[in-house]
1. Cα-Cα over 26 Å: which of K226/K300; K185/K227; K65/K300?
2. To the nearest 0.05, how large is the calculated FRET efficiency for L144 and A298 if R₀ is 25 Å and r is the Cβ-Cβ distance?
3. At a Cα cut-off below 17 Å, give the lysines reachable from K273, other chains included and same-chain residues fewer than 8 away excluded.
4. Going from most exposed to least, what order do D89, D264 have by accessible area with a 1.4 Å probe?
5. Mind listing the phi-derived Karplus ³J(HN,Hα) values for the range 51-65, rounded to whole Hz, using 6.51, -1.76 and 1.60 with θ = phi - 60°, and x for any glycine or proline?
6. Can you tell me how much longer the chain between L171 and L35 gets when fully stretched, taken as 0.36 nm per residue apart minus their C-alpha distance, in nm with one decimal?
7. Taking the Cα centre of the range 122-312 as the origin, how large is its charge dipole in debye, to the nearest 20, when only Lys and Arg (+1) and Asp and Glu (-1) carry charge on their Cβ atoms?
8. What distance in nm separates the simple spin-label points at L45 and K65, each placed 7 Å from Cα in the Cβ direction?
Amino acid sequence: MEMMVRSVWLLVFPLLVISIRWIYRWRNPKCKGTLPPGSMGLPLLGETLSLLVTARSIDIHPFFKERMSRYGPLFKTSVAGRSIVISADPDFNSFLFQQEGKLVEMWYMDSFAKLLRQDTTAASGYVHKYLRHLVLNHFGVETLKHRLLPQLECAINQRLQEWAEQPEVQLKDQTAAMIFEFTAKHMLSYEPEKSSDTIALNLSNFLEGLMAFPLRVPGTAFYRCKKRQQKVIQVISKLVEERMNSGEGGRISKTDFLDQIVEDMRTESFLTKEFATHVLFGILLASFETVSSTIALAIKYLSDHPSLLQQLT
């Protein structure tokens, strides 16, 4: 009996030591510098469950609010199997953006990378410079000031008149549709009222899937998002192919964003039809999803505080 107890102890003791060392390493991850304060939570699971708790207001999520009050604006944690540092410090964030490609490399969540393609989200070097120049050329400050903003103002006034005649308006959805139509027209010469393809409908609330866990399981937000994305990609790919076959990309006067891309396909080897399609998809998504949410929240705040509305007026 004594021999059996000793044998069991000889087996358990090493496992206990290994477990304690593993837990210690989990709670104190290796770092070349000094990590900010924070908690890594439970082994493997981290603090994921706390992050998944639904927020009851549009204020800062309790997960961040509690840790910011406890550790400050810069803290470490672990969510979804990733050891990360979260920063709510504007100065530190500005420094990080300035060090892109130097001290730090841009990284996207798994859901971003899978939905927007790794080679477009992680574009670097020459490709990144090309995309930046292309976007600024068509949507930069000067273009916005002298050409796009006056047109956008007309579009907004027209929509406001239409909304004024309706008993109620779903502001976020209607704003998203308005911005999408404006952007798609200038990027692709796409006119939703003349097309049976519902790009805007499939892109609506897309951010929900981008922020979800990348579980491709029927019923999950990510799965629904992936299905909608595939439909939009098919439509955009068809538009790209039609433009390539029509020869419009060879015009001296290029009228839209897609014309420029098709023209550049002749000289830029990385600009394949598939790559161009995903770039267009990403820019379309960025143009209206977050903007419509911000506008809806801004108007809600103004509605809740009439004195602020009066001051702005």
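1. The answer is K226/K300.
2. 0.80
3. Here the lysines satisfying the reach criterion relative to K273 are K231, K238.
4. Descending accessible area places them as D89, D264.
5. 6, 7, 4, 5, 6, 8, 8, 8, 6, 4, 4, x, 4, 7, 4
6. The span from L171 to L35 would gain 44.7 nm if fully extended.
7. 560 debye
8. Inter-label distance under the simple model: 2.4 nm.
The values are calculated or read from the model by the stated rules, or taken from the named source; none is laboratory data. Quick caveat, the model's predicted, so the values are computed rather than measured. Every residue, glycine as well, gets a Cβ built from its backbone with ideal geometry; the counts of neighbours run over all protein chains shown. Ligands, DNA and RNA are stripped out before the accessible areas are found, and what is left, the full protein with its side chains, is counted by its heavy atoms. Shrake-Rupley method; radii C 1.70, N 1.55, O 1.52, S 1.80 Å.
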